[in-house]
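Here's the structure, in structure tokens; my notes come after.
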Amino acid sequence: MNKPIRVRFAPSPTGGLHLGGVRTVLYNYLFARRYGGRFLVRIEDTDQTRFVEGAEEYIFKCLDWCGLTPDESPVHGGAFGPYRQSERKPMYRKYAEQLVNDGHAYYAFDTPEQLESMRNELKSAQNPSPQYDGKTRMKMRNSLTMPADEVARLLEMGTGYVIRIKMPDNETIRFTDMIHEEVSFDSGLVDDKVLLKADGMPTYHLAVVVDDYLMEITHAFRGEEWLSSAPVHVLLWKYLFGLDKMPQWAHLPLILGPSGKLSKRDGAKYGFPVFAMNWKDNKTGELTEGFKEKGFLPEAFINLLAMLGWNDGTEQELFSMQELIEKFSIDRVHKAGAKFDFEKARWFNQEWIKRTDASMLAPLVKNILSENEIADIDDRYLLQVIGLVKDRCSLLTDFYTQSFYFFQTPAFLDKASVIPKWDALKKSFFTSLKDEFSLISHFTMINIEESFKKLAVTMNLKVGDLQMIYRIMLVGSKMGPGVFQISETIGKEESVKRIENALLSFEEG
RNA sequence: GGCGCGUUGGUCAAGGGGUUAAGACGCCUCCCUUUCACGGAGGAAUCACGGGUUCGAUUCCCGUACGUGCUACCA
């Protein structure tokens, strides 16, 4: 078996792309790259009622930001197109009809109302969700219960119908999942899923099998929520193309939110994103924040996602995409779902900020600053500042709070920390300090510190207290790198200016 | 309700018949720093429960509980 490896990500364009989706893409991508295969994206837009404008474009933007470029897709092209299922609509019907002819599927004419009433009649505490299955199908209006000429007549009249799979009675359906190993189902307990809808579109079940076959997919990765319908897919493979052609399945463990299933709400509720990038719902106007906008580096996002359900067995936690490609293996993917922990996610980002060169960070930081009305920044100066503060940022957005005072005189001074210690002597220290500064020809942190301390000793004052006050004068609060470092960076003129400002401000009390 | 899948500290997790049950995040203490971080050194905290199998089970088997997914002409 030397078929070239081909994997796919098959999203439906209905909204934001969340964590679990991106991780599925990532594992697909890593697997393809690891084994020299092809990674393709197929858009599953068979449900016309759920189509969302802009969602497909958004998905590709997210992949782009993550650095997960498909080899084939509706926008990247490829020899197995079209890559949108809506554009493949005419291809599915013949397979559905073939199944009917072979006795594996049947026409069903039940209207939505009739289905509804069947369910209502059968519904009970013991059976809260009655199925269209081996037990009920003979009570319904379909080509199994109606005489052939009646069926032919209805079809001829153009009566609406769907094609349903006829699940066999007493079969055990087994397959080997790359993650869960042997999985088995009793066919009699699975319902007769609709394969072809009344509008002529296939459902996911038919489309995924037909397209995986036509696109020569060898390994199919998807979320574990699909495991329950896998028997339908296995059966379709058996009936249509042969089990030997079926891709190897890998059902990925779910990513859970703080209280169970990860939902869009969790993001809003717990203050962390669930989508890769900002998603705006055009109907409600609601904006859901993405990891990118929250201040994540794509490298960190990829890294943390990779570690949610996989590790290489060593203590290493920080991986670049290249390292992941080299080390990823499907048999080290977990069976159990993982609860997403935003604190750990922040840590990954912090580590990536630390290990990313200031010059790479510069354009991103520039953006953050300009969003906060700090513009016209000198590039060399910016690099210097980034170098000073990047170890204290865990999100890119932290660069503003950690560095704004390098670019503008602080508007707010933490006077509460100064006033109790403030007196005439200290005031005269800072007044004299300005004069001392004017004597310094090279305004470096060493020289600043030296004259600062010399003056303190001369006036018989404690250096520590003064240093704290000086920090508040320059920064506004008790934070940031060394005070003399800051002073050197902003320069003599600005340092003096901030001392004067502060002096005035402290006088006001 | 039925069916599927799962269960090592609060979270991510290594390990897997005999171990002091790794490591990371978070939390706490201390050091560094008269700031806040970074960094360093420590600390508290785990094998869901009950039966087997075995000389010995966290590890294998069976139950139970719990969690989660599916149970749509949605994916």
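The values are calculated or read from the model by the stated rules, or taken from the named source; none is laboratory data. The structure displayed is predicted, hence computed values, not measured ones. Backbone-built Cβ (ideal geometry, glycine too); neighbour counts: all protein chains shown. Calculation scope for accessible area: heavy atoms of the full protein, side chains included, ligands and nucleic acids excluded. Shrake-Rupley method; radii C 1.70, N 1.55, O 1.52, S 1.80 Å.
List of remarks:
- One residue alone among A:Leu369, A:Leu383 is under 23 Å from A:Ser487 (Cβ atoms), in contact (Cβ under 8 Å) with a residue 12 or more places away in the chain, more than 13 Å from RNA strand B (Cβ to nearest atom) and open to solvent by 20 Å² or more (accessible area, probe 1.4 Å), and that residue is A:Leu383.
- Scanning segment A:186-195 for residues that are in contact with a Phe, Trp or Tyr (Cβ under 9 Å, 6 or more places away or on another chain) and either near RNA strand B (Cβ under 7 Å from one of its atoms) or open to solvent by 10 Å² or more (accessible area, probe 1.4 Å) (or both) turns up A:Asp191, A:Lys193, A:Val194.
- A search for C-beta distances below 6 Å between a residue of segment A:395-419 that is acidic (Asp, Glu) and any residue that is surrounded by 17 or more Cβ atoms within 10 Å (Cβ to Cβ), counting only pairs 6+ apart in sequence or on different chains, returns A:Asp414/A:Ile472.
- Some residue of segment A:142-156 being loosely packed, with under 14 Cβ neighbours inside 10 Å, within 37 Å of the chain's Cα centre (by Cα) and either outside any helix (DSSP H, G or I) or at negative phi (or both): no
- Segment A:157-191, residues that are at negative phi, within 34 Å of the chain's Cα centre (by Cα) and not aliphatic (A, V, I, L, M): A:Arg174, A:Phe175, A:Thr176, A:Asp177, A:His180, A:Glu182, A:Ser184, A:Phe185, A:Asp191
- Residue in segment A:115-130 that is closer than 30 Å to A:Leu252 by Cα, within 35 Å of the chain's Cα centre (by Cα) and within 11 Å of RNA strand B (Cβ to nearest atom) present: yes
- Among the residues making up segment A:75-116, those that are open to solvent by 40 Å² or more (accessible area, probe 1.4 Å) and in contact with a strand residue (DSSP E or B) (Cβ under 6 Å, 6 or more places away or on another chain) are A:Gly78, A:Arg84.
- Breaking point among (1) open to solvent by less than 40 Å² (accessible area, probe 1.4 Å); (2) farther than 17 Å from A:Lys94 by Cβ; (3) more than 8 Å from RNA strand B (Cβ to nearest atom), for A:Gly200: (2)
- The listed residue being farther than 30 Å from A:Lys166 by Cβ, in contact with a strand residue (DSSP E or B) (Cβ under 9 Å, 6 or more places away or on another chain) and either surrounded by fewer than 23 Cβ atoms within 10 Å (Cβ to Cβ) or free of Cβ contacts under 8 Å to residues at least 24 places away in the same chain (or both), out of A:Ile5, A:Ile59: A:Ile5
- Looking across segment A:90-132, just one residue is of a type in the set (Lys, Arg) and assigned to a loop (DSSP other than H, G, I, E, B), and that is A:Lys123.
- Annotation note: of A:Ser263, A:Ser259, the sole residue that is within 13 Å of RNA strand B (Cβ to nearest atom) and within 15 Å of A:Gly21 (Cα to Cα) is A:Ser263.
- Total residues in segment A:309-329 satisfying the condition of being more than 13 Å from RNA strand B (Cβ to nearest atom) and of a type outside the set (D, E, K, R): the figure is 6.
- Any helices (runs of 4 or more DSSP H) falling wholly within segment A:234-335 and containing at least 2 residues that are not charged (D, E, K, R): A:264-270, A:298-306, A:321-327
- In segment A:8-56, of all residues being among the acidic types (Asp, Glu) and within 10 Å of RNA strand B (Cβ to nearest atom), the one that is surrounded by the most Cβ atoms within 10 Å (Cβ to Cβ) corresponds to A:Asp45.
- A single entry from A:Leu474, A:Leu461, A:Leu455 fulfils the requirement of being more than 10 Å from RNA strand B (Cβ to nearest atom) and under 16 Å from A:Val418 (Cβ atoms): A:Leu474.
- Among the residues of segment A:477-493, those that are more than 6 Å from RNA strand B (Cβ to nearest atom), within 18 Å of A:Gln402 (Cβ to Cβ) and either surrounded by fewer than 17 Cβ atoms within 10 Å (Cβ to Cβ) or among the basic types (Lys, Arg) (or both) comprise A:Ser477, A:Gln485.
- A:Leu395 being in contact with a strand residue (DSSP E or B) (Cβ under 9 Å, 6 or more places away or on another chain), under 21 Å from A:His18 (Cα atoms) and within 16 Å of RNA strand B (Cβ to nearest atom): no
- Those residues of segment A:220-236 which are closer than 16 Å to A:Tyr27 by Cβ and buried (at least 21 other Cβ atoms within 10 Å of the Cβ), in sequence order: A:Ala220, A:Phe221
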